[in-house]
Amino acid sequence: MSRQFIYHMRGLSKTYPGGKQVLNNIHLSFYPDAKIGVLGVNGAGKSTLLNLITGMLQPVAGSVQRHSGLKLGKYSQHSADQLPYDKSPLEYIESMNKEKFPDKDVQFWRAQLGRFGLSGAHQTAPIRTLSDGLRNRVVFSQLAMENPHILLLDEPTNHLDMSSIDALANAIKDFEGGVVIVSHDFRLISQVANELWEVKDRKIVNLTKQDISIQDYKKILMNNSAEAMERAKLTAKTS
(Lines give C-alpha, C1' and ligand atoms only; values in the text may rest on other atoms or scores of the structure.)
Protein backbone atom coordinates (compact mmCIF):
# COMPACT_ATOMS: atom_id res chain seq x y z
CA MET A 1 0.00 0.00 0.00
CA SER A 2 1.55 3.29 -1.13
CA ARG A 3 2.21 6.27 1.14
CA GLN A 4 -0.97 8.06 0.19
CA PHE A 5 -3.67 8.73 2.72
CA ILE A 6 -5.00 5.55 4.24
CA TYR A 7 -7.67 7.03 6.48
CA HIS A 8 -9.40 10.41 6.84
CA MET A 9 -11.98 11.62 9.35
CA ARG A 10 -13.82 14.79 8.37
CA GLY A 11 -16.01 16.60 10.87
CA LEU A 12 -16.75 13.50 12.96
CA SER A 13 -18.77 13.87 16.14
CA LYS A 14 -19.89 11.23 18.63
CA THR A 15 -22.65 11.62 21.18
CA TYR A 16 -23.76 8.80 23.47
CA PRO A 17 -27.36 8.10 24.54
CA GLY A 18 -28.39 10.66 27.12
CA GLY A 19 -26.75 13.48 25.20
CA LYS A 20 -23.14 13.23 26.37
CA GLN A 21 -20.93 14.43 23.50
CA VAL A 22 -17.48 12.81 23.63
CA LEU A 23 -15.94 14.02 20.36
CA ASN A 24 -16.92 17.05 18.29
CA ASN A 25 -16.02 17.98 14.71
CA ILE A 26 -12.90 15.81 14.49
CA HIS A 27 -10.59 16.14 11.50
CA LEU A 28 -7.64 13.76 11.25
CA SER A 29 -5.64 11.69 8.80
CA PHE A 30 -2.97 9.04 9.00
CA TYR A 31 -0.74 7.11 6.66
CA PRO A 32 0.36 3.46 6.31
CA ASP A 33 3.60 3.88 8.28
CA ALA A 34 2.27 6.19 11.03
CA LYS A 35 3.16 5.36 14.63
CA ILE A 36 0.74 7.46 16.66
CA GLY A 37 0.49 7.76 20.44
CA VAL A 38 -2.94 8.87 21.69
CA LEU A 39 -2.82 10.71 25.03
CA GLY A 40 -5.45 12.12 27.36
CA VAL A 41 -7.10 11.69 30.74
CA ASN A 42 -9.50 8.84 31.47
CA GLY A 43 -12.90 9.49 29.93
CA ALA A 44 -11.61 11.95 27.35
CA GLY A 45 -12.70 9.74 24.44
CA LYS A 46 -9.55 7.83 23.46
CA SER A 47 -11.21 4.40 23.26
CA THR A 48 -14.19 5.98 21.53
CA LEU A 49 -11.81 7.28 18.87
CA LEU A 50 -10.41 3.78 18.24
CA ASN A 51 -13.90 2.31 18.01
CA LEU A 52 -14.88 4.98 15.49
CA ILE A 53 -11.82 4.11 13.40
CA THR A 54 -12.73 0.40 13.37
CA GLY A 55 -16.39 1.10 12.69
CA MET A 56 -17.52 -0.54 15.96
CA LEU A 57 -19.13 2.82 16.74
CA GLN A 58 -20.89 5.09 14.29
CA PRO A 59 -20.58 8.89 14.41
CA VAL A 60 -23.61 11.17 14.65
CA ALA A 61 -22.05 13.54 12.12
CA GLY A 62 -19.15 13.70 9.67
CA SER A 63 -17.63 11.38 7.11
CA VAL A 64 -14.86 8.79 6.79
CA GLN A 65 -12.62 8.04 3.82
CA ARG A 66 -10.52 4.89 3.96
CA HIS A 67 -8.41 2.96 1.49
CA SER A 68 -10.54 0.22 -0.07
CA GLY A 69 -8.03 -2.48 0.88
CA LEU A 70 -7.38 -1.26 4.43
CA LYS A 71 -7.15 -4.05 7.00
CA LEU A 72 -7.27 -3.13 10.70
CA GLY A 73 -6.20 -5.20 13.69
CA LYS A 74 -7.31 -4.18 17.19
CA TYR A 75 -6.15 -5.11 20.67
CA SER A 76 -8.27 -4.14 23.65
CA GLN A 77 -7.85 -4.71 27.36
CA HIS A 78 -10.25 -7.67 27.09
CA SER A 79 -8.70 -9.42 24.08
CA ALA A 80 -6.87 -12.00 26.19
CA ASP A 81 -10.16 -13.02 27.85
CA GLN A 82 -11.35 -14.34 24.50
CA LEU A 83 -8.50 -16.85 24.05
CA PRO A 84 -9.32 -20.61 24.21
CA TYR A 85 -7.99 -21.40 27.69
CA ASP A 86 -7.90 -25.17 27.08
CA LYS A 87 -5.43 -24.85 24.19
CA SER A 88 -1.72 -24.05 24.33
CA PRO A 89 -0.39 -20.96 22.55
CA LEU A 90 1.22 -23.23 19.97
CA GLU A 91 -2.05 -25.09 19.29
CA TYR A 92 -3.99 -21.85 19.15
CA ILE A 93 -1.79 -19.95 16.73
CA GLU A 94 -1.44 -22.98 14.44
CA SER A 95 -5.20 -23.62 14.41
CA MET A 96 -5.90 -19.97 13.62
CA ASN A 97 -3.47 -19.80 10.69
CA LYS A 98 -2.94 -23.33 9.34
CA GLU A 99 -5.41 -22.86 6.50
CA LYS A 100 -3.64 -19.70 5.37
CA PHE A 101 -0.16 -21.24 5.77
CA PRO A 102 -0.63 -25.00 5.16
CA ASP A 103 3.06 -25.68 4.48
CA LYS A 104 4.45 -24.19 7.70
CA ASP A 105 5.88 -26.55 10.31
CA VAL A 106 5.91 -26.34 14.09
CA GLN A 107 9.18 -24.37 14.11
CA PHE A 108 7.49 -21.59 12.15
CA TRP A 109 4.73 -21.30 14.77
CA ARG A 110 7.28 -21.45 17.58
CA ALA A 111 9.27 -18.64 15.96
CA GLN A 112 6.16 -16.50 15.63
CA LEU A 113 5.42 -16.83 19.35
CA GLY A 114 9.10 -16.29 20.14
CA ARG A 115 9.04 -12.92 18.35
CA PHE A 116 6.83 -11.70 21.18
CA GLY A 117 8.89 -13.22 23.98
CA LEU A 118 6.83 -16.40 24.45
CA SER A 119 9.25 -19.31 24.52
CA GLY A 120 10.02 -22.73 25.97
CA ALA A 121 7.40 -24.48 28.05
CA HIS A 122 5.08 -21.47 27.89
CA GLN A 123 4.39 -22.29 24.24
CA THR A 124 2.93 -25.70 25.09
CA ALA A 125 1.27 -24.97 28.44
CA PRO A 126 -2.53 -24.49 28.55
CA ILE A 127 -3.34 -20.81 28.12
CA ARG A 128 -5.34 -20.88 31.37
CA THR A 129 -2.09 -21.49 33.29
CA LEU A 130 -0.30 -18.45 31.83
CA SER A 131 -0.03 -15.06 33.47
CA ASP A 132 -1.99 -12.10 32.11
CA GLY A 133 1.18 -10.73 30.56
CA LEU A 134 1.94 -13.99 28.73
CA ARG A 135 -1.64 -14.24 27.48
CA ASN A 136 -1.31 -10.77 26.03
CA ARG A 137 1.81 -11.92 24.18
CA VAL A 138 -0.30 -14.67 22.58
CA VAL A 139 -2.80 -12.04 21.44
CA PHE A 140 -0.06 -9.86 19.93
CA SER A 141 1.40 -12.88 18.13
CA GLN A 142 -1.93 -13.64 16.50
CA LEU A 143 -2.54 -10.00 15.59
CA ALA A 144 0.79 -9.95 13.75
CA MET A 145 -0.17 -13.13 11.87
CA GLU A 146 -3.27 -11.37 10.56
CA ASN A 147 -0.94 -8.93 8.79
CA PRO A 148 -3.06 -5.79 9.21
CA HIS A 149 -2.06 -2.49 7.64
CA ILE A 150 -2.88 -0.64 10.87
CA LEU A 151 -2.75 -1.95 14.45
CA LEU A 152 -4.99 -0.25 17.00
CA LEU A 153 -3.78 -0.87 20.56
CA ASP A 154 -5.99 0.14 23.50
CA GLU A 155 -3.97 0.19 26.75
CA PRO A 156 -1.71 -2.70 25.64
CA THR A 157 0.62 -2.52 28.65
CA ASN A 158 -1.98 -3.41 31.28
CA HIS A 159 -0.76 -6.53 33.16
CA LEU A 160 2.62 -6.42 31.37
CA ASP A 161 5.93 -6.42 33.22
CA MET A 162 8.88 -4.33 32.05
CA SER A 163 10.38 -7.08 29.88
CA SER A 164 7.00 -7.66 28.21
CA ILE A 165 6.64 -3.93 27.51
CA ASP A 166 10.11 -3.86 25.95
CA ALA A 167 9.25 -6.91 23.83
CA LEU A 168 6.07 -5.17 22.69
CA ALA A 169 7.98 -1.97 21.87
CA ASN A 170 10.47 -3.90 19.75
CA ALA A 171 7.68 -5.71 17.92
CA ILE A 172 5.91 -2.40 17.20
CA LYS A 173 9.12 -0.87 15.86
CA ASP A 174 9.66 -3.91 13.61
CA PHE A 175 6.06 -3.81 12.36
CA GLU A 176 6.03 -2.31 8.86
CA GLY A 177 2.45 -1.06 9.03
CA GLY A 178 0.91 1.75 11.03
CA VAL A 179 0.12 1.72 14.75
CA VAL A 180 -2.28 3.83 16.81
CA ILE A 181 -1.65 3.35 20.55
CA VAL A 182 -3.84 4.52 23.40
CA SER A 183 -1.70 4.27 26.51
CA HIS A 184 -0.80 5.92 29.80
CA ASP A 185 2.62 4.25 29.55
CA PHE A 186 4.82 7.15 28.49
CA ARG A 187 7.83 4.84 28.34
CA LEU A 188 6.22 2.78 25.58
CA ILE A 189 4.96 5.87 23.77
CA SER A 190 8.42 7.45 23.84
CA GLN A 191 9.97 4.32 22.31
CA VAL A 192 7.60 3.84 19.39
CA ALA A 193 5.50 6.92 18.56
CA ASN A 194 6.61 9.42 15.93
CA GLU A 195 3.41 11.44 16.27
CA LEU A 196 1.41 12.41 19.38
CA TRP A 197 -2.31 13.18 19.54
CA GLU A 198 -4.07 14.48 22.65
CA VAL A 199 -7.79 13.92 23.16
CA LYS A 200 -9.06 16.82 25.25
CA ASP A 201 -12.25 18.86 25.53
CA ARG A 202 -13.94 16.78 22.78
CA LYS A 203 -11.16 17.67 20.32
CA ILE A 204 -8.00 15.97 19.04
CA VAL A 205 -4.85 18.08 19.00
CA ASN A 206 -1.73 17.02 17.08
CA LEU A 207 0.94 17.77 19.67
CA THR A 208 3.76 16.90 17.30
CA LYS A 209 2.76 19.73 14.96
CA GLN A 210 3.07 22.02 17.97
CA ASP A 211 6.59 20.67 18.66
CA ILE A 212 5.43 19.12 21.95
CA SER A 213 7.34 15.91 22.76
CA ILE A 214 6.28 13.23 25.22
CA GLN A 215 8.76 14.72 27.72
CA ASP A 216 7.18 18.16 27.24
CA TYR A 217 3.73 16.62 27.73
CA LYS A 218 4.80 14.99 30.99
CA LYS A 219 6.07 18.34 32.27
CA ILE A 220 2.79 20.01 31.31
CA LEU A 221 0.84 17.38 33.24
CA MET A 222 3.09 17.76 36.28
CA ASN A 223 2.73 21.56 36.23
CA ASN A 224 -1.04 21.30 35.87
CA SER A 225 -1.18 18.85 38.76
CA ALA A 226 0.94 21.12 40.97
CA GLU A 227 -1.23 24.13 40.12
CA ALA A 228 -4.39 22.15 40.88
CA MET A 229 -2.99 21.19 44.29
CA GLU A 230 -2.17 24.81 45.08
CA ARG A 231 -5.69 25.89 44.11
CA ALA A 232 -7.13 23.17 46.32
CA LYS A 233 -5.01 24.38 49.26
CA LEU A 234 -6.18 27.98 48.75
CA THR A 235 -9.79 26.87 48.54
CA ALA A 236 -9.41 24.86 51.75
CA LYS A 237 -7.93 27.88 53.57
CA THR A 238 -10.73 30.24 52.50
CA SER A 239 -13.62 27.84 53.13
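When Ala80 is tested against the conditions (1) at pLDDT 95 or above; (2) in a helix (DSSP H, G or I), the lone failure is (1). Any residue at all in the range 115-138 that is touching a strand residue (DSSP E or B) at 6+ places or on another chain (Cβ under 9 Å), in a helix (DSSP H, G or I) and closer than 18 Å to Leu160 by Cα? Within the range 115-138, one or more residues are touching a strand residue (DSSP E or B) at 6+ places or on another chain (Cβ under 9 Å), in a helix (DSSP H, G or I) and closer than 18 Å to Leu160 by Cα.
The set of residues from the range 200-228 being assigned to a loop (DSSP other than H, G, I, E, B) and more than 15 Å from Leu28 (Cβ to Cβ) comprises Asp201, Asp211, Ile212, Ser213. If you take the residues in the range 75-124 that are out of contact with any Lys or Arg (no Cβ under 8 Å at 6 or more places or on another chain) and among the aliphatic types (A, V, I, L, M), which one is least open to solvent (accessible area, probe 1.4 Å)? If we take residues in the range 75-124 being out of contact with any Lys or Arg (no Cβ under 8 Å at 6 or more places or on another chain) and among the aliphatic types (A, V, I, L, M), then Ile93 is least open to solvent (accessible area, probe 1.4 Å).
Being open to solvent by 70 Å² or more (accessible area, probe 1.4 Å) and either acidic (Asp, Glu) or assigned to a strand (DSSP E or B) (or both) is the requirement here; does Asp33 meet it? If you could, list the steps in order and put the result at the bottom.
On the way: open to solvent by 70 Å² or more (accessible area, probe 1.4 Å): no; either acidic (Asp, Glu) or assigned to a strand (DSSP E or B) (or both): yes.
Judged against the criteria, Asp33 is not a match.
Every residue, every condition in (1) farther than 20 Å from Asp211 by Cα; (2) of a type in the set (Ser, Thr, Tyr); (3) without any contact (Cβ under 8 Å) to a residue 40 or more places away in the chain, yes or no:
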{"site": "Leu160", "(1), (2), (3)": "yes, no, yes"}
{"site": "Ile165", "(1), (2), (3)": "yes, no, yes"}
{"site": "Leu168", "(1), (2), (3)": "yes, no, no"}
{"site": "Ile172", "(1), (2), (3)": "yes, no, no"}
{"site": "Glu176", "(1), (2), (3)": "yes, no, no"}
{"site": "Ile181", "(1), (2), (3)": "no, no, no"}
{"site": "Arg187", "(1), (2), (3)": "no, no, yes"}
{"site": "Val192", "(1), (2), (3)": "no, no, no"}
{"site": "Glu198", "(1), (2), (3)": "no, no, no"}
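Taking the range 58-92 as the range and being farther than 30 Å from Ser29 by Cβ and among the charged types (D, E, K, R) as the test, the residues that pass are Asp81, Asp86, Lys87, Glu91. Taken over the range 147-169, the criterion of being open to solvent by 80 Å² or more (accessible area, probe 1.4 Å) and in contact with a helix residue (DSSP H, G or I) (Cβ under 9 Å, 6 or more places away or on another chain) is satisfied by His159, Asp161, Met162. Taken over the range 42-74, residues that are part of a helix (DSSP H, G or I) and open to solvent by 60 Å² or more (accessible area, probe 1.4 Å) amount to 0.
The values are calculated or read from the model by the stated rules, or taken from the named source; none is laboratory data. Worth saying up front: this structure is predicted, and the values here are computed from it rather than measured. Using ideal geometry, Cβ is built from the backbone for each residue, glycine included, and neighbour counts are taken over all protein chains shown. To get the accessible areas, we keep the full protein, side chains included, count just its heavy atoms, and leave off ligands, DNA and RNA. Shrake-Rupley method; radii C 1.70, N 1.55, O 1.52, S 1.80 Å.
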